[in-house]
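These notes are about the structure you will find just below.
The values are calculated or read from the model by the stated rules, or taken from the named source; none is laboratory data. Note that the coordinates shown come from a computational prediction; the quantities given were computed from them, not determined experimentally. Don't worry about glycine lacking a Cβ; one is built from the backbone with ideal geometry, like all the others, and counts go over all protein chains shown. When the accessible area is computed, the model is the full protein with side chains, heavy atoms only, and any ligands, DNA or RNA have been set aside. Shrake-Rupley method; radii C 1.70, N 1.55, O 1.52, S 1.80 Å.
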Amino acid sequence: MLQTDIRWLSPDENIREAQRLIGISEAADLYVLPEMWSTGFTTDPQTSAHDVYNNSALDWMVSESRRRHCAICGSLAVRLDDGSFRNRHYFADGRSDSLYYYDKHHLFSYGHENVYYTPGQEHVIVSYEGFRFLLLICYDLRFPNWSRYTKGREYDAIILVANWPDARQAAWHLLTRARAIENQCYFIGVNRVGYDRQCHYTGASVVVDPIGRTLGQCRLHVPDACVVAIDRAELQRRREKFRVLDDADE
């Protein structure tokens, strides 16, 4: 987990900070950055979004994942060829030289994200190193039907990247655990710290196991890197012993 203090509309500075945190952390198979980690949560994408084909932050994710033989994920504000904007969660797999992405489905209307961005309509599950990862972004956390484990949408872990403010920290704590428990999965939630023009962010980036226990959490209020191991064999053991998912609604 790479819990960054995002510098407002400063991709080069934010790339350097991500590079620094990777450099001081233990080596990992997967590094997870926050939502809109290169710019901050901007609802003025006309002047701040990356062009989908000219994207310094994405270029760094791809090249760094190849160099370190790992995967790196996080979301970016991007402008498509048709002029529309997406809040896009990229997953760069440097081991297979593959790139995946998920477009945020639940746009944060309270912050006017829905005015400027187009919502995604597809679930995205990425297979990597024996795990199936469901990609989500911030506000998606509040909508359990969208992330529900069900037939045709099977996965082992949720990766949710966020700019989740301190004012709603209680909801972050409860809902991250709820999504892990109800889907019998690991939950990886990476949030930012610091300030933007609207909010203060505590961080509390966390990995939760399938029974709701905290496996690791970044320090509050400060940039931090935290490495946590997740175990697919342990996940399967728990799912087979206590077969909650067999009784889930379709």
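Taking 74, 40, 216 as the candidate residues, the one with maximal mean-square fluctuation in a Gaussian network model of the chain, Cα springs under 10 Å, is 216. For residue 106, nonlocal amide neighbours, meaning residues 5 or more places apart or on other chains whose placed amide H falls under 5 Å from its own, are 140.
Full extension of the chain segment joining residue 80 with residue 220 gains 46.9 nm, where the gain is 0.36 nm per residue of separation less the Cα-Cα distance. Summing +1 for each Lys or Arg and -1 for each Asp or Glu among the other residues whose beta-carbon sits under 14 angstrom from that of residue 54 gives -2.
The alpha-carbon atoms of the chain define a convex hull whose volume equals 118 cubic angstrom per residue. With the cut-off at 1.5 for a/c, could you classify the range 136-211 from its C-alpha gyration tensor as rounded, prolate or oblate? Cα axes put the range 136-211 in the prolate bin.
Take every DSSP beta bridge whose two residues both sit in the range 97-208; close to 50 percent of them are antiparallel. Placing +1 on the Cβ of every Lys and Arg and -1 on the Cβ of every Asp and Glu, with nothing else charged, gives the chain a dipole about its Cα centre of roughly 500 debye. In this rough spin-label picture, where each label sits 7 Å from Cα along the Cβ direction, the residue 95-residue 171 distance is 3.6 nm. Considering only 117, 128, 31, the Gaussian network model of the chain with Cα springs below 10 Å gives its largest mean-square fluctuation to 128. Applying D = kT/(6 pi eta Rh) to the range 157-250, where Rh is the Kirkwood radius over alpha-carbon pairs, T corresponds to 10 °C and eta to 1.306 mPa s, the Stokes-Einstein value obtained is 113 µm²/s. When the chymotrypsin sites (Phe, Trp or Tyr not before Pro) in the range 156-196 are filtered for DSSP coil states and for at most 12 other beta-carbon atoms within 10 Å of their beta-carbon, no site remains. For residue 249, what charge total do you get from the other residues with a beta carbon under 14 Å from its beta carbon, if Lys and Arg give +1 and Asp and Glu give -1? The answer is -1. Of the residues 161, 228, 62, the one that moves most in a GNM of the chain with alpha-carbon contacts below 10 Å is 228. Show me the three semi-axes of the equivalent ellipsoid for the range 68-168, from the C-alpha gyration tensor (sqrt of 5 times each eigenvalue), largest first, rounded to whole Å. Semi-axis lengths for the range 68-168 are 23, 17, 13 Å. Its relative contact order, with pairs defined as Cα atoms under 8 Å and 6+ residues apart, puts the range 81-152 at 26 percent. Entry comment: accessible area of the range 175-236 is 41 Å² per residue, from protein heavy atoms only and a probe of 1.4 Å.
Database remark: amide H of residue 127 closer than 5 angstrom to the amide H of 133 (H placed geometrically; neighbours at sequence offset of 5 or more, or on other chains; Pro and chain starts carry no H). What a 1.4 Å probe finds exposed on the chain is 48% carbon and sulfur by accessible area, rounded to a whole percent.
Let me have the relative contact order for the range 22-178, percent, based on Cα pairs under 8 Å that are six or more residues apart. Kindly include the intermediate steps, with their values, before the conclusion.
Values: 278 pairs, mean separation 29.9, N = 157.
Relative contact order of the range 22-178: 19 percent.
Taken over the C-alpha atoms, the range 1-103 has Rg and Dmax values of 12.9, 41 angstrom. Placing +1 on each Lys and Arg Cβ and -1 on each Asp and Glu Cβ, with no other charges, gives the range 167-233 a dipole about its Cα centre of roughly 140 debye. Solvent-accessible surface of the range 41-103, averaged per residue with a 1.4 angstrom probe and all protein chains in place: 42 square angstrom. In order along the range 42-58, the Karplus-derived 3J(HN,Hα) couplings, from 6.51 cos²θ - 1.76 cosθ + 1.60 at θ = phi - 60°, round to 9, 9, 10, x, 4, 10, 10, 6, 6, 5, 4, 9, 9, 9, 5, 5, 5 Hz, and Gly and Pro are given as x.
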